[in-house]
Amino acid sequence: MKKVYFDNAATTPMHPEVIVSMVKSMQETCGNPSSTHAFGRAAKSLVETARKSIAKHLNVSSSEIIFTAGASEANNLILHNAVCNLNVKTIITSRIEHHAVLHSIEKLYKTYQIDVLIVDVDTKGFIDYKHLETLLHNASGKTLVSLMYANNEIGTLLDCDKVSALCEKFDALFHSDTVQGIGHYAIDLQKTPIDFIVASAHKFHGPKGVGFAYFKKGFGIEPLIFGGSQEKGARAGTENVHAIFGMAAALDLAYAHLEKDKQHVFGLKKYMIDQLQSTFESVKINGTFEGASYNILSVRFNEKSDLLPFQLDLKGIACSSGSACQSGSSAGSHVLQTILPLQEQEKPAIRFSFSHFNTKEEVDYVVSALKAIFK
Ligand code: PLP
């Protein structure tokens with residue numbers, strides 16, 4: 001059976017070059033980076049070279065990068081630190097953030113009785129910047145704004161320059177969950193100041209279970225994990241040396257080919273929209289085309305189907321359910337529930353997300369599979 005992987009916002013296949021260089025590093029480097037002998041120093045050198053290389057891509061200092069086991073941990077660390085160490089009393093966020101942010105804020109709200117203010121989002125997933133300004137104006141105590149760079153379900157992009165300027169105006173801290181942006185967009189933190197960002201290597205063809213948090217210089221870090229002085233005391237535990245090395249290699253590749261890959265992937269997205277619209281008259285984009293990430297396409301259909309992702313899976317197609325009222329283990333999409341009116345939430349919705357490994361032939365295959373399912 002043909003296999004098509006259109007679920008790259010969930011995770012990406014590892015780049016073959018990253019696999020080769022990781023295997024080599026595993027064969028050649030066995031030391032613990034905390035050991036002072038030559039084996040340890042070699043491992044430490046891999047970790048620190050990776051840190052420098054990652055920092056360079058973001059135009060920050062390497063001392064501002066803290067390695068973690070992915071973006072969920074990095075988001076938790078940043079939000080926990082904001083409240084428990086930086087004296088944040090109010091967090092402003094939106095209803096369409098990833099659960100790694102929303103559930104973390106909910107826990108902080110329950111434990112420390114901070115204020116949580118919710119900024120309005122329109123039907124396309126755009127933040128209401130006027131409302132954000134009003135919330136910042138009315139917020140009490142030290143305030144943190146937490147808004148994601150690109151929505152992982154519908155792709156809507158945040159105007160980070162605007163939010164950064166507003167945070168500066170009101171002396172608020174700015175955290176952005178940049179998971180769907182790092183490796184996909186050039187992010188220069190000197191041009192667009194953001195106090196805290198996060199990344200996850202498996203979203204840009206690196207290994208799973210490794211990521212990082214960026215903390216702007218000057219902020220102390222209260223760890224979530226205790227028991228060692230790794231990461232300058234910010235995160236105990238022996239570093240995931242080879243995965244960190246692979247993450248840096250994957251980011252190098254992503255930024256080396258950024259424009260070419262972006263054009264190819266955006267071409268696929270546009271082609272898929274054209275093919276879907278000419279085949280299914282009433283197909284609708286969830287969110288927006290203008291102002292959305294070039295690799296994420298969430299759509300809903302008028303045609304009836306309760307089990308669309310499963311039916312596609314049976315035809316070898318991997319994509320993600322985006323339906324707000326999907327039955328089964330998932331409670332449905334909190335993003336679609338926020339942006340869509342009730343009657344639209346009932347329609348079968350699917351998120352396709354592409355990478356530079358995908359082709360137009362795969363788009364044709366998926367469209368013909370949908371045609372057969374809706375027949
Ligand atoms: N934030 C966003 C926007 C994501 O898309 C994801 C992963 O799906 C995460 C956070 C969590 O990342 P990780 O899998 O590295 O914990």
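Using bins of 5 Å that start at zero, the share of Cα-Cα pairs per bin across the range 126-226 amounts to 2, 11, 21, 23, 19, 14, 7, 2, 0, in whole %. For Lys304, the lysines whose Cα falls under 21 Å of its own Cα, not counting residues fewer than eight places away in the same chain, are Lys284, Lys315, Lys347, Lys371, Lys375. With all protein chains present, how much of the accessible area of the chain (probe radius 1.4 Å) comes from carbon and sulfur, to the nearest whole percent? Whole-percent figure for carbon plus sulfur exposure: 53.
Taking the Cβ of Gly237 as the center, what net charge do the other residues with Cβ under 14 Å away carry, scoring Lys and Arg +1 and Asp and Glu -1?
Numbers: positive: Lys232, Arg235; negative: Glu73, Glu231, Glu239.
My count for the surroundings of Gly237 gives -1.
A straight Cα-to-Cα reach below 24 Å connects Lys260 with the lysines Lys56, Lys191, Lys203, Lys269, Lys270, Lys360, residues fewer than 8 places away in its own chain not being considered. If the chain linking Phe289 and Asp274 were pulled fully straight, counting 0.36 nm for each residue of separation and taking away their Cα-Cα distance, it would gain 4.2 nm.
Less than 9 Å Cβ to Cβ from Lys142, Lys/Arg counted +1 and Asp/Glu -1: what total charge do the surrounding residues give? Let's see the in-between values first.
Working: positive: Lys89; negative: Asp171.
Residues close to Lys142 contribute a combined charge of 0.
Reducing the range 98-148 and the range 356-373 to their Cα centroids gives an inter-centroid distance of 38 Å. For Lys89, the shell of other residues with beta-carbons less than 11 Å away shows a net charge of 0, using +1 for Lys and Arg and -1 for Asp and Glu. Residues of the chain: accessible area per residue at 1.4 Å, in Å²? Counting only protein heavy atoms, the per-residue value for the chain is 44 Å². An ellipsoid equivalent to the range 1-64, defined through the eigenvalues of its Cα gyration tensor, has semi-axes of 30, 19, 8 Å when rounded to whole angstrom and sorted largest first. If you take all C-alpha pairs in the chain, what percent of them are over 25 Å apart? Pairs farther apart than 25 Å: 56 percent. Dimensions of the range 219-325 along the principal axes, based on C-alpha atoms and rounded to the nearest Å, stand at 59, 35, 31, largest first.
Normalising the average separation of contacting C-alpha pairs (under 8 angstrom, six or more residues apart) by the number of residues puts the relative contact order of the range 1-116 at 13 percent.
Starting with the highest mean, order 284-297, 215-228, 11-24, 248-261 by the number of other Cβ atoms within 10 Å, averaged over the residues of each peptide.
On the way: 284-297: 20.7, 215-228: 13.8, 11-24: 16.1, 248-261: 18.8.
Per-residue mean Cβ counts within 10 Å order the peptides as 284-297, 248-261, 11-24, 215-228.
Helical runs assigned H by DSSP (4 residues or longer) give the chain a calculated mean residue ellipticity at 222 nm of -13000 deg cm²/dmol, each run adding -39500 (n - 2.57) before division by the residue total. Close amide H pairs (under 5 Å, H built 1.01 Å from N) link Ala9 with Ser353, residues at least 5 positions away or on another chain.
Please tell me the relative contact order of the range 16-256 in percent, rounded to the nearest whole number, where contacts are Cα pairs under 8 Å and at least six residues apart.
On the way: 452 pairs, mean separation 62.5, N = 241.
Reported relative contact order: 26 percent.
The values are calculated or read from the model by the stated rules, or taken from the named source; none is laboratory data. Computed from a prediction, not measured in an experiment: that's the story for all the values here. Don't worry about glycine lacking a Cβ; one is built from the backbone with ideal geometry, like all the others, and counts go over all protein chains shown. To get the accessible areas, we keep the full protein, side chains included, count just its heavy atoms, and leave off ligands, DNA and RNA. Shrake-Rupley method; radii C 1.70, N 1.55, O 1.52, S 1.80 Å.
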